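Asker: Below: one structure in structure tokens.
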Amino acid sequence: MRIVLLGAPGSGKGTQSQRLVERLGIPQVSSGDLLRAAVARGTELGRRAKEAMDGGRLVDDSLVLQMIRERLGAGDTRRGFILDGFPRTLAQAEALERLLRDLTQPLDAVVQLEVDAAELVRRISGRRCCADCGRVFNLFTSPRAAIESELCPRTGAPHRLTQRPDDNEATVAERLRVYEEKTRPLIDFYRARGLLRVIDAMGDVEEVSRRLGQALGAPALRAARAAKPATRRAPHRTGARRKAAQPKSARRRPKSATGRAARRGKARAGLRVNTRGKSPRTTRAGQGRPKGKPR
Ligand SMILES: [Zn+2]
């Protein structure tokens, strides 16, 4: 499943993404992490991103898109991904749509996490981050004693809790305003494409997680789990779903008929036949022919 989670700062996007990663076994693709990694590795894209950041400018959308493009080329995103931190503006959503169309990896769902403003402010002001390992905690959801009794994997000492400078109430209001102005329009954009699902993200983490699972569709989650061991099989959710939707009698058809159906399915899926549909028979025949044998 290819998923985007939308939500204001403090809506629990990060936490819910993490849970989805575990639940669906697909990676989280975070634009922030990609940027930091590229800068750390000193790649060409990273160098250009650093230049922008050092100059106090925003990193160009096209740079971020290129990083996402590279990231989605890695094998682990074949069964899907959860996009985090991108898109945040209408222009980014449009560019992302073009990129994913290009890669024939269109989005399956966009979930909007709804939380009321007062709750957002409360959650954000309770947020603390470990200065050593970067883990994020919330004083409202985990008691301080529990956090302090845990040891930091980096230092072996208790986590050093710090508050991000932009997590105080004064800047939260401004961040929410920016979110309303820039990111709200994405909701209509994705609604028009039939991708939008809105969930109530108030309440505890477990409850929200359950709602998120429902919004993504329990059959889709089952199909994703079923497809997990078969890494070589086409990971397309549409394919898995089609199979799951077939009546039992259809699944019991003789092998040849199933094969024909599968090929028809592949043909309907268009491009994939060319990119991934190398016929094993052709490959084996090619390898089997002794090289240099005179004809
Ligand atoms: Zn730590």
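Bear in mind these aren't lab numbers, they're just calculated from the coordinates by the rules spelled out. Computed from a predicted structure; not experimentally measured. Methodologically, a virtual Cβ is constructed for each residue, glycine included, from the backbone with ideal geometry; neighbour enumeration extends over all protein chains shown.
Asker: In a shell of Cβ-Cβ distance under 9 Å around Ile199, excluding Ile199 itself, what net charge do Lys and Arg (+1) and Asp and Glu (-1) give?
Answerer: Working: positive: Arg197, Arg211; negative: Glu114, Asp200.
Once positives and negatives cancel, what remains is 0.
Asker: Next question, about the same structure. Need the full-extension length gain, Arg160 to Arg98, defined as separation in residues times 0.36 nm minus the C-alpha distance. One decimal, nm. Don't skip to the answer; put the middle values down first.
Answerer: Working: separation 62, 0.36 × 62 = 22.32 nm, distance 4.22 nm.
Stretched fully, the Arg160-Arg98 segment lengthens by 18.1 nm.
Asker: So, one more: Work out, step by step, the length gained on full extension between Glu150 and Ala131: first 0.36 nm times the residue separation, then minus their alpha carbon distance; give nm to one decimal. Intermediate values should be presented prior to the final figure.
Answerer: On the way: separation 19, 0.36 × 19 = 6.84 nm, distance 1.43 nm.
Going from the current span to full extension adds 5.4 nm.
Asker: Something else: Starting from the 7 Å offset along Cα-to-Cβ, what nm value, one decimal, do you get for the label separation of Arg191 and Lys50?
Answerer: Rounded to a tenth, the inter-label distance reads 4.4 nm.
Asker: Expected output is a single nm value to one decimal: the length gained when fully extending between Leu139 and Gln105, i.e. 0.36 nm times separation in residues minus the C-alpha distance. What is it? Before the final figure, lay out the partial values.
Answerer: Numbers: separation 34, 0.36 × 34 = 12.24 nm, distance 3.83 nm.
That works out to 8.4 nm of additional length.
Asker: While we're on this one: For a quick check: sort Arg191, Arg48 by the number of other beta carbons within 10 angstrom, fewest at the front.
Answerer: Taking fewest neighbouring Cβ atoms as first place, the list is Arg191, Arg48.
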